[in-house]
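Reading through the structure tokens given below for one structure.
The values are calculated or read from the model by the stated rules, or taken from the named source; none is laboratory data. If you're wondering where the values come from, they're calculated on a predicted model, not measured in any experiment. Reconstructed Cβ throughout: ideal geometry from the backbone, glycine too, with neighbour counts over all protein chains shown.
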Amino acid sequence: MRESLRRRGLVLYSVFCILLGCQDDVPHIEFWTMQLSGFRPYIERVIADFEKSRPGTTVVWVDVPFTAMGQKLMTAYVAGRPPDVVNLNVDLASSLAHLGALVDVRDHSAGYLPSVWESLRVGEGVYAFPWYLSTEVTIYNSKLLAEPPRRFEDLPGRVIGKYAMCPKIGSDTDLLKFFMMNGARVLQDGKMDFSDPVCRETLLFWKKLLEAGQIPPEALTESHRVAIDLYIRGQAAILLSGPQFLKIVKQNNPEVYAATKVAPCILGRAGLTNIAVMNVAVTTASPRREDAIAFAAFLTHGLNQLALCREAAILPSVESALEDPFFSREETLEDQARAIAARQLRTSKVLVRGLKRQAEIQKILQQATQEVCFNGADPDAVLRRAEETINRLIR
Amino acid sequence: MKVYVALILGTVLLVGPFAWMLTLSVTTPEGDLTVANYTGAWREAPIGRYAVNSLFISGATVGLYLFLCSLFAYPLAKLRFAGASLLRLLLLATFLVPWEVTFVPLFEVCARFGLYDSAWGVILPASVNAFGILFMTDAFRTVPNSLIEAARLDGWGEFRIWWKVAVPLVRPSLAALAVLIFLSSWGSFLWPLVVLRQDSSYTLPVALSYLQGTFSANLRYLAAAAVLSALPPLALFLAMQRQFVAGLLKGSVKG
């Protein structure tokens, strides 16, 4: 008797679970963000405002950890279940645009900073709305360094502490960024070109600093998190980073934070600084495309961007928002950093953009940098080989 | 002597990171002892809810895994039937396919069966695999044939023999497998993240990644949350330590 009851219970439980799994979704726009759960009240407020302005439309928000967005999105895309609206960085947006997965929104350019809008162009189309921006400022420990240099070539020969800085040479496609900051035009007519002697000199410059112990070997292998970590532990005198990362320093080492000052970004020979862009794209698979485009435009319009900038030390991509007096306030360290970044924005550019096969290019560049800096390989030969491999890849 | 030095070095290497994490979790940036990192981490991310999700998913995975793997393994070890060798070969072949390769097809299957955004989408794909079946096949081989024959003579069916005679005798192997699978399920990050949509149904490793936000990352909170998330597997291991070791050694000494 007891056995039979147990069996029936098990069957009922299984049916319940299957029904639970099969329940139909209410029609909605699915919106994915890149690790913004810390801004829950803000995002929920924007969604509520949008739903109020467009009755009958519901937005379901899903926050995805930064490091897992690529994998989760690609799996969902291949399986035909991508979100309707998704927050992407330039690399991911470019990869998806080349796959034809994003909607062309070129007719919605009004109000955005032209240089930022253009950076999202892939071929003829523009495949995302620019959202929040950041430019690097020089964050430095005044106990280890009296004043930061204005240019990379003036980096001090010796600093108090272990390293001068930990530039991100080996991860992402930042090597291209450093080439461009020194004036090389590495992307010409859709082809990679490392023949400019500036590329070779840039690579050898970082090699010299590595050999002198001014930058750690991790600069060639690890992500930006290591640079932040070294700065927090007082082992690096300079952190080149967006102002938003000051909060991490404050949270983890108040002593280092107390000694921290900010200055404009250290420049290369071309005097350019890079803009990092976060954007919002609409997927072609979305069955509610019009609503999705309307939501992406609503999320990125001036007032909503300004409200987000008040919660984190980031910059808006809309010209009218950038003119707000908030961006010239200099009361706190974060304010100062934000003001410097906002001033820089007018003369900055998105240096690396719209690359096909970004992840593979990143690996080729990382390998090339390591061959020259760790193994002492001939930079000309390594750069030539890297250029050929990349051009074969993006042909 | 050399052995002891090697063992001590090995222990330091293994325990070192955990000790560092533990120290970080109970100190302030100034070096004072505190529990504020634990309360802070609890406040920043709903660790309790994620822990319940993780416990449910890991518990159900282990239960199903032990049941299905031992059910598949018993005939392979104790029954003679046509195609047994081919079946074994096919099982071994699954080792050649990396887990990542199956990601997209598995996701599609889960989506079609309505398992997307459901805890069962995490549990079912992990509820049986070749490793568990082969591990249990080896365990069932140690069960004396005479016991099984005696049960058959008494008129017992194979399912009843499996459940009443064979399974109780391989309990240490089941315990060892339970610990291994619990640890793997507890620490699993990418698949739960891909198949679960709502953040309210995420598991603990995903919650840990949330403490490392885009614009903030309190390493002490992260360490405290990591210590908390290590407690259930640690408790399970301590509770089953004897059976775990006995299970791993089972079959290593020929009787």
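Quick look at the values:
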| read-out | value |
| --- | --- |
| Count of the stretch A:71-113 residues which are of a type in the set (Asp, Glu) and either under 20 Å from A:LEU393 (Cα atoms) or within 14 Å of another protein chain (Cβ to nearest Cβ) (or both) | 2 |
| Scan of the stretch A:280-305 for residues that are in contact (Cβ under 8 Å) with a residue 40 or more places away in the chain, under 21 Å from A:GLU323 (Cβ atoms) and either of a type in the set (S, T, N, Q) or touching a helix residue (DSSP H, G or I) at 6+ places or on another chain (Cβ under 8 Å) (or both), ordered by number | A:ALA297, A:PHE298, A:LEU299, A:THR300, A:GLY302, A:ASN304, A:GLN305 |
| Residue, surrounded by the fewest Cβ atoms within 10 Å (Cβ to Cβ), within the stretch B:135-174, restricted to residues that are within 18 Å of B:LEU64 (Cβ to Cβ) and aromatic (Phe, Trp, Tyr) | B:PHE159 |
| Residue list for the stretch B:180-207, restricted to those being of a type in the set (Phe, Trp, Tyr) and more than 14 Å from every other protein chain (Cβ to nearest Cβ) | B:PHE182, B:TRP186 |
| Qualifying residue in the stretch A:350-363 (condition: within 14 Å of chain B (Cβ to nearest Cβ) and buried (at least 20 other Cβ atoms within 10 Å of the Cβ)) | no |
| Qualifying residue in the stretch A:229-237 (condition: within 14 Å of chain B (Cβ to nearest Cβ), of a type in the set (Ser, Thr, Tyr) and in a helix (DSSP H, G or I)) | yes |
| Boolean, A:MET192 is farther than 30 Å from A:ASN253 by Cβ, touching an Asp or Glu at 6+ places or on another chain (Cβ under 8 Å) and hydrophobic (A, V, I, L, M, F, W, C) | yes |
| Some residue of the stretch A:45-55 being among the aliphatic types (A, V, I, L, M), within 8 Å of chain B (Cβ to nearest Cβ) and surrounded by fewer than 19 Cβ atoms within 10 Å (Cβ to Cβ) | no |
| Test result for B:ALA19, within 14 Å of chain A (Cβ to nearest Cβ) and without any contact (Cβ under 8 Å) to a residue 40 or more places away in the chain | no |
| Residue check for A:GLN344: free of Cβ contacts under 8 Å to residues at least 24 places away in the same chain and crowded, with 16+ Cβ neighbours inside 10 Å | no |
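This table checks each residue for (1) part of a helix (DSSP H, G or I); (2) within 21 Å of B:VAL26 (Cβ to Cβ); (3) at pLDDT 85 or above; (4) not charged (D, E, K, R).
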position: B:TRP191; (1), (2), (3), (4): yes, no, yes, yes
position: B:VAL194; (1), (2), (3), (4): yes, no, yes, yes
position: B:ARG197; (1), (2), (3), (4): no, no, no, no
position: B:PRO205; (1), (2), (3), (4): yes, no, yes, yes
position: B:SER209; (1), (2), (3), (4): yes, no, no, yes
position: B:ALA223; (1), (2), (3), (4): yes, yes, yes, yes
position: B:ALA226; (1), (2), (3), (4): yes, yes, yes, yes
position: B:PRO232; (1), (2), (3), (4): yes, yes, yes, yes
position: B:ARG242; (1), (2), (3), (4): yes, no, no, no
